[in-house]
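Chemist: Please read through the structure below; I'll follow up with questions.
The values are calculated or read from the model by the stated rules, or taken from the named source; none is laboratory data. Here the structure is a predicted model, which is why all the values come from computation and not from measurement. All Cβ positions, glycine included, derive from the backbone under ideal geometry; neighbour counts span all protein chains shown. We work out accessible area using only protein heavy atoms, side chains counted, and drop any ligands, DNA or RNA first. Shrake-Rupley method; radii C 1.70, N 1.55, O 1.52, S 1.80 Å.
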Amino acid sequence: MTTKTMVIGFPVDAECANRFAAAVGAGFATIARHQFPDGETRITLPPVLPQQLAIYQSLNNPNAKLVELLLAAKTARRNGVKHLTLVAPYLCYMRQDTAFIPGEAISQTIVGEWLAQHFDAVLTVDPHLHRVHRLADAVPAKNAIALSAATAIGEFLCEQNRRIVLIGPDAESEQWVSIAAAVAGSEFGVCHKVRRTDRATTVVLPEISVAGASVVLVDDIVSSGGTLMSAARACVAMGAARVDAAVVHALYGDEVTAELTSSGITTVWSTDSVVHPTNTISLARLLASGFKDFVQYPQDTRAPLR
């Protein structure tokens, strides 16, 4: 058992986890993962672990990942870890915070309580919360910290060195687009959205001119992409010279990628909260800044970022 803090991560997130470990000045190791023909998984952690350990795993495609996370967390505890942190840039099952019909599982409460049972701290970025607005109410761990990627997005857009107009595709996006616009020094507006089905939406552009402008749509999650596409088409119809998108969590596949392009979006820039071909904006420094708030560093380790 060592006293130093360590970060461990699963192979799919290894590159992002390594960047995070470097940002906090901690050691890093990859969790060995072997999948058997019947679908079961063997998880092997480093044989020597510190008293303070962070497991980095983004929880998109969550069902199999949650089982593997349980195996890793229980193994860490059995091997002497005293303080265990989950760094999950994308946190699953946060949307459903109530039962809409009798007998329906309230997944937010179930998953949140389960995580709190196994982790002393949970660190995430822009969880998709509705009626519950504090992460601590959804995940009752000793420390539950939700960071926002809006400033990181604004800093990235500022580096584009061109005049842009930021548009939020719906009312929920205002919390990201307003901050990103302030950091980037850009104008912004927020669309009014009318959802017809899970994938079909209509948006009304805000009263801000996009004619001839370079427009960047800013949103937290893109899965089906319907809202983003509607906003892009509206901007193109109003004469936008170019439409791009900056998003926190890119949860979509190739089919949606083609549809986003056909709607008029030139480029999607996403954070690396989820491993995706569009990853452009690193969250390592942001996550490190939150991590230092609840991890007590021993004297023989490097200080956390300030």
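Chemist: Go through segment 95-112 and count every residue that is farther than 21 Å from residue 126 by Cβ and of a type in the set (D, E, K, R).
Modeler: Of the residues in segment 95-112, 1 are farther than 21 Å from residue 126 by Cβ and of a type in the set (D, E, K, R).
Chemist: Hey, any hits in segment 235-251 for a residue that's at pLDDT 95 or above, out of contact with any Asp or Glu (no Cβ under 9 Å at 6 or more places or on another chain), under 22 Å from residue 125 (Cβ atoms) and assigned to a loop (DSSP other than H, G, I, E, B)?
Modeler: Looking through segment 235-251, at least one residue is at pLDDT 95 or above, out of contact with any Asp or Glu (no Cβ under 9 Å at 6 or more places or on another chain), under 22 Å from residue 125 (Cβ atoms) and assigned to a loop (DSSP other than H, G, I, E, B).
Chemist: Right, something else. Can you pull out the residues in segment 255-278 that are farther than 25 Å from residue 88 by Cβ, open to solvent by 40 Å² or more (accessible area, probe 1.4 Å) and part of a helix (DSSP H, G or I)?
Modeler: Answer for segment 255-278, where residues must be farther than 25 Å from residue 88 by Cβ, open to solvent by 40 Å² or more (accessible area, probe 1.4 Å) and part of a helix (DSSP H, G or I): 255, 258, 259, 261, 262.
Chemist: Same structure, new question: Among the numbered conditions (1) assigned to a helix (DSSP H, G or I); (2) of a type in the set (A, V, I, L, M); (3) open to solvent by 20 Å² or more (accessible area, probe 1.4 Å), tell me where residue 146 comes up short.
Modeler: Of (1) assigned to a helix (DSSP H, G or I); (2) of a type in the set (A, V, I, L, M); (3) open to solvent by 20 Å² or more (accessible area, probe 1.4 Å), only one is false for residue 146: (1).
Each row is one residue, and each column tells you yes or no for (1) in contact (Cβ under 8 Å) with a residue 60 or more places away in the chain; (2) out of contact with any helix residue (DSSP H, G or I) (no Cβ under 7 Å at 6 or more places or on another chain).
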site	(1), (2)
218	yes, no
224	no, no
242	no, yes
251	yes, yes
260	no, no
263	no, no
270	no, yes
278	no, yes
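Per-residue answers, yes or no, for (1) at pLDDT 90 or above; (2) open to solvent by 30 Å² or more (accessible area, probe 1.4 Å); (3) assigned to a strand (DSSP E or B):
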{"position": "176", "(1), (2), (3)": "yes, no, no"}
{"position": "188", "(1), (2), (3)": "yes, yes, yes"}
{"position": "193", "(1), (2), (3)": "no, yes, yes"}
{"position": "197", "(1), (2), (3)": "no, yes, no"}
{"position": "207", "(1), (2), (3)": "no, yes, no"}
{"position": "211", "(1), (2), (3)": "yes, yes, no"}
{"position": "216", "(1), (2), (3)": "yes, no, yes"}
{"position": "221", "(1), (2), (3)": "yes, no, yes"}
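Yes/no per residue for (1) of a type in the set (D, E, K, R); (2) in contact with a helix residue (DSSP H, G or I) (Cβ under 8 Å, 6 or more places away or on another chain):
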| residue | (1), (2) |
| --- | --- |
| 104 | yes, no |
| 115 | no, no |
| 126 | yes, yes |
| 130 | no, no |
| 137 | yes, no |
| 144 | no, yes |
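Chemist: Would you mention how many residues in segment 13-35 are buried (at least 21 other Cβ atoms within 10 Å of the Cβ) and of a type in the set (Val, Ile, Thr)?
Modeler: Number satisfying all stated conditions: 2.
Chemist: Can you tell me how many residues in segment 1-12 are modelled with pLDDT of 95 or more and open to solvent by less than 20 Å² (accessible area, probe 1.4 Å)?
Modeler: The qualifying residues number 4.
Chemist: Still on this structure: Let me spell it out: the conditions are (1) hydrophobic (A, V, I, L, M, F, W, C); (2) surrounded by fewer than 19 Cβ atoms within 10 Å (Cβ to Cβ); (3) assigned to a strand (DSSP E or B), and residue 166 meets all of them except one. Which number is the exception?
Modeler: Going through the list (1) hydrophobic (A, V, I, L, M, F, W, C); (2) surrounded by fewer than 19 Cβ atoms within 10 Å (Cβ to Cβ); (3) assigned to a strand (DSSP E or B), residue 166 breaks only (2).
Chemist: Failed condition for residue 233, given (1) open to solvent by 60 Å² or more (accessible area, probe 1.4 Å); (2) farther than 15 Å from residue 265 by Cβ, with all others met?
Modeler: All conditions pass for residue 233, except number (2).
Chemist: Suppose we keep only residues that are under 14 Å from residue 108 (Cβ atoms) and among the basic types (Lys, Arg) within segment 127-165. Which one would you say is modelled with the highest pLDDT?
Modeler: Looking at residues that are under 14 Å from residue 108 (Cβ atoms) and among the basic types (Lys, Arg), I get 134.
Conditions tested, residue by residue: (1) under 21 Å from the mean Cα position of the chain (by Cα); (2) over 21 Å from residue 19 (Cβ atoms); (3) modelled with pLDDT of 95 or more.
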| position | (1), (2), (3) |
| --- | --- |
| 58 | yes, no, yes |
| 64 | yes, yes, no |
| 69 | yes, no, yes |
| 76 | no, yes, yes |
| 84 | yes, no, yes |
| 88 | yes, no, yes |
| 97 | yes, yes, no |
| 101 | no, yes, no |
